[in-house]
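What follows is a short report on a single structure.
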Amino acid sequence: MHLSVSGVSKTFGDGRHAKLVLDDITLSVDSGEFVALVGSSGSGKSTVMRLIAGLERPSTGVIAMDGKPVRGPGSDRGMVFQKYSLYPWMTAAQNVAFGMSLQGLPRALVRERTAYFLEVVGLQNDARRLPKELSGGMQQRVAIARALAADPKVVLLDEPFGALDLQIRETMQEFLYELWQRSGITALLITHDLEEALLLAQRVHIMAPSPGRIVRTVEADLDRSNLAHLRMSPPFLELREELVTSLRNLDAAAS
Amino acid sequence: MRSPWLLGPLGIAVVLLAWSLISLSGAVDPLFLPSPPAVWQAAGDQFRGGILVADAIASVRRVFLGFALSAALALPLGIAMGSNTLICRLLEPLLGLIRYMPAPAFIPLLIIYFGLGELPKVLLIFIGTFFFNTLMIMDAVKFVPRELLETALTLGGRKLPILTRVVAPYIAPQVIDAYRINMASAWNLVIVAELVAANEGLGKRISLAQRFLRTDEIFVGLIVIGLIGLLIDLGFRAVLRRSCRWAS
Ligand SMILES: Nc1ncnc2c1ncn2[C@@H]1O[C@H](COP(=O)(O)OP(=O)(O)O)[C@@H](O)[C@H]1O
Ligand SMILES: [Mg+2]
C-alpha cells in the first residue's frame, strides 16, 4: 500500500470569498507505517484528512492510493472521527459489523470478525451495549474497531482522543500504539497534541496555519518499548521542547 | 412531589368538580351547561343506540385514511428533499407556501371537485397534514450529523443503503413525533369537514345536536373527540418509547 499526497492545495469558496486553506501539501504513507500530522487548530489538518478520505476534492494536486487517483470515499481508507460518529441506535457489536454488512460480507463471517475486533479493542463484554451506555474512551475504541473491521488499507484518525480526559487519553494512546504494533495496520493520525504525535508516530509532519502547509517533518526515531517511560525520557522531552519552540515561533510569525 | 403522575388526573378532577358544583348550584341554565349526569346519560343513550360507535368509527376511519396517505407520501418526499439540494430548492418554497393556506379553505374546492362523499374528507386531511409532515421530515434529515453519513461512506456505503440504514433510523424518533403532532390537526380537520357535510361522524353529530339545542350531546361529542385524540397521542408516544429506546 502506498498513499501519496502530492502538491495538494485546497481553496474553499470562490471569487472574493475564496480562501486558501491548504497550500502545496506533499506527504506519503507506506504499508505498516504510523504517520502523524500535527498543527494548531485551524491549520487545515482535518481538511487534509477529508481530502484523503475522498470526502472533498483537492483544488490542485493529486492524491493517489497505489498509484490510482482518489475520486471519492471508499472502504480502502477507513476513518475515525473525534466524536459523535457511532450510530446511536446500534449496539457496539452492530456498529462494528456495520461496514462489513454494508459491503455485503456473509453473515457468519461478519459475526466472526465482529467478535474478533471487539476483542482486539477489549470490549468483548460490552458487545450488546448502546453507545450512550459506554464511556468516551470505550466509544472511540468501538469506532476504531469499526474502522478496522471494514478492512481498510490505511486508517485515518482525526483527533480520535481529542475529546477525552487527559488520563484516559494517555491510556488510549498506549492502546492505539499496541494495536498498531500487534495488528500491522497502517495509520495516519491527526492531532494538535505534539506529545501524542511524537509518542506514537515514526514520522511527524508539522503544519502551520494560514494557509495550512507542512513546515517541518521529523523522523521520530525513539525507543517505544515502554511509552509511559518514553514520555518522561530526556531525548523525548528534548525533541518535544525543541519542536514546541519552533512551533511557537511560527505561530508568532503568523499572527 | 412524591407521585407527579397524579397531577394530570388531579387537574381533570378539579374541572369535573367545578362543573358539577356550577350545575348543581343552578346558576347556569342546564340548556347551556348540562349536568355531568345528564351528559353521562346522553352518552349512554348514544352508545346503546350504536350511534356513538358508528360515528366514532366513521371519523377515525377518515382520519386514518387521510393521514396514512399523507404519512406514506411525506416520508420519501421529505427524505428526498432533506438529502438532495436540487429537489429541496425546487420544492421547499412551494410547500412552504401551500403550508400556510388554511386547509379548511380547500373545502369548497374539494366539494366542487369530488362532491360530498368520503373522498373530499380524506383529501382534506391529506392536504392539512401532508405539507407539515414533509417539511418536518425534511428538517430532520438535514440535521443528521455529517459524521454519521461520512463514516458510512468511508465504510464502503453507497447512497441508497445510507438513506435506508443511517438516515431513516436516525430520523425515526422525529418522524414519529412529527406524525404525532400533525395527527392532532388531522383530528381537528375531520371534525371541520363533518360540520360542513356528512351523514355520520362525531362532527356531524355535534352539528345535529346544535340544531336541536342538545348541549348534552354536544358535550358527549366533544369529550369523545378529546378522548380518542388523547388515545392516539398516547399510542404514538408508546411506539416512540418502544422503538427508539436509544433516543431517550
Ligand atoms: N467546507 C469549508 N468551507 C469553508 N472553509 C472551510 C471548510 N472546511 C474547513 N474550512 C476552513 O479551513 C480551515 C482549516 O480547517 P480544518 O481543516 O478543520 O483545520 P484543523 O482540523 O486543523 O483544525 C479553517 O479556517 C476552516 O474555517
Ligand atoms: Mg480538525
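The values are calculated or read from the model by the stated rules, or taken from the named source; none is laboratory data. Source: prediction; values computed, not measured. When we count neighbours, we look across all protein chains shown, and the Cβ atoms used for this are built from the backbone with ideal geometry, even at glycine.
Residue pairs whose Cβ atoms lie under 8 Å apart, separated by 6 or more positions or on different chains, with the first residue in the range A:1-21 and under 13 Å from A:S43 (Cα atoms) and without any contact (Cβ under 8 Å) to a residue 24 or more places away in the chain and the second within 13 Å of ligand 1 (Cβ to nearest atom) and part of a strand (DSSP E or B), are A:K19/A:T11; A:K19/A:F12.
The number of residues in the range A:159-168 being more than 16 Å from ligand 2 (Cβ to nearest atom) and crowded, with 20+ Cβ neighbours inside 10 Å comes to 0. Residues in the range A:26-60 that are at positive phi and more than 13 Å from ligand 2 (Cβ to nearest atom): A:G32, A:G54.
A count restricted to the range B:213-240 and to residues that are away from chain A (no Cβ under 14 Å) and farther than 24 Å from B:L31 by Cα stands at 12. All of (1) among the hydroxyl-bearing types (S, T, Y); (2) at the interface with chain B (Cβ under 10 Å from one of its Cβ atoms); (3) crowded, with 20+ Cβ neighbours inside 10 Å hold for A:Y84 with one exception: (3). From the list B:I176, B:I206, B:I171, B:I162, the one residue that fits, being more than 21 Å from A:L55 (Cβ to Cβ) and within 12 Å of another protein chain (Cβ to nearest Cβ), is B:I171. Filter the range A:1-34 for residues that are within 16 Å of ligand 1 (Cβ to nearest atom) and either within 14 Å of another protein chain (Cβ to nearest Cβ) or touching a Leu at 6+ places or on another chain (Cβ under 6 Å) (or both) and give the result. A:V5, A:S9, A:K10, A:T11, listed by residue number. Within the range A:92-103, residues that are buried (at least 20 other Cβ atoms within 10 Å of the Cβ) have Cβ atoms under 9 Å from residues that are part of a helix (DSSP H, G or I) and hydroxyl-bearing (S, T, Y) in these pairs: A:A93/A:T114; A:V96/A:T114; A:A97/A:T114; A:F98/B:T151; A:G99/B:T151; A:G99/B:T154; A:M100/A:T114, counting only partners at least 6 apart in sequence or on another chain. Within the range A:10-28, is even one residue within 24 Å of A:A220 (Cα to Cα), of a type in the set (S, T, Y) and at pLDDT below 95? Scanning the range A:10-28, I find no residue that is within 24 Å of A:A220 (Cα to Cα), of a type in the set (S, T, Y) and at pLDDT below 95, so the answer is no. Determine, yes or no, whether A:M65 is touching a strand residue (DSSP E or B) at 6+ places or on another chain (Cβ under 8 Å), within 16 Å of ligand 2 (Cβ to nearest atom), within 14 Å of chain B (Cβ to nearest Cβ) and closer than 23 Å to A:T186 by Cβ. So A:M65 does not fit the description; no. In the range B:232-244, is there at least one residue being within 18 Å of B:G50 (Cβ to Cβ) and out of contact with any Phe, Trp or Tyr (no Cβ under 6 Å at 6 or more places or on another chain)? Within the range B:232-244, not a single residue is within 18 Å of B:G50 (Cβ to Cβ) and out of contact with any Phe, Trp or Tyr (no Cβ under 6 Å at 6 or more places or on another chain).
Remark: pairs (first residue in the range A:36-56, within 14 Å of chain B (Cβ to nearest Cβ) and under 14 Å from A:T11 (Cα atoms); second residue more than 9 Å from ligand 2 (Cβ to nearest atom) and among the hydrophobic types (A, V, I, L, M, F, W, C); Cβ separation under 7 Å; 6+ apart in sequence or on different chains) = A:T47/A:V21; A:T47/A:L22; A:L51/A:V8; A:L51/A:I63.
Residues checked against (1) among the charged types (D, E, K, R); (2) away from ligand 1 (no atom under 16 Å from the Cβ):
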{"position": "A:A64", "(1), (2)": "no, yes"}
{"position": "A:K68", "(1), (2)": "yes, yes"}
{"position": "A:F81", "(1), (2)": "no, no"}
{"position": "A:T91", "(1), (2)": "no, yes"}
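The residues of the range A:94-129 that are among the aliphatic types (A, V, I, L, M) and within 14 Å of chain B (Cβ to nearest Cβ), listed by number, are A:V96, A:A97, A:M100, A:L102, A:L105, A:V110.
Can you name every one of the strands (runs of 3 or more DSSP E) wholly within the range A:151-208 that holds 1 or more residues which are within 14 Å of another protein chain (Cβ to nearest Cβ) and either within 14 Å of ligand 1 (Cβ to nearest atom) or not small (G, A, S) (or both)?
By residue number, A:154-158, A:187-191.
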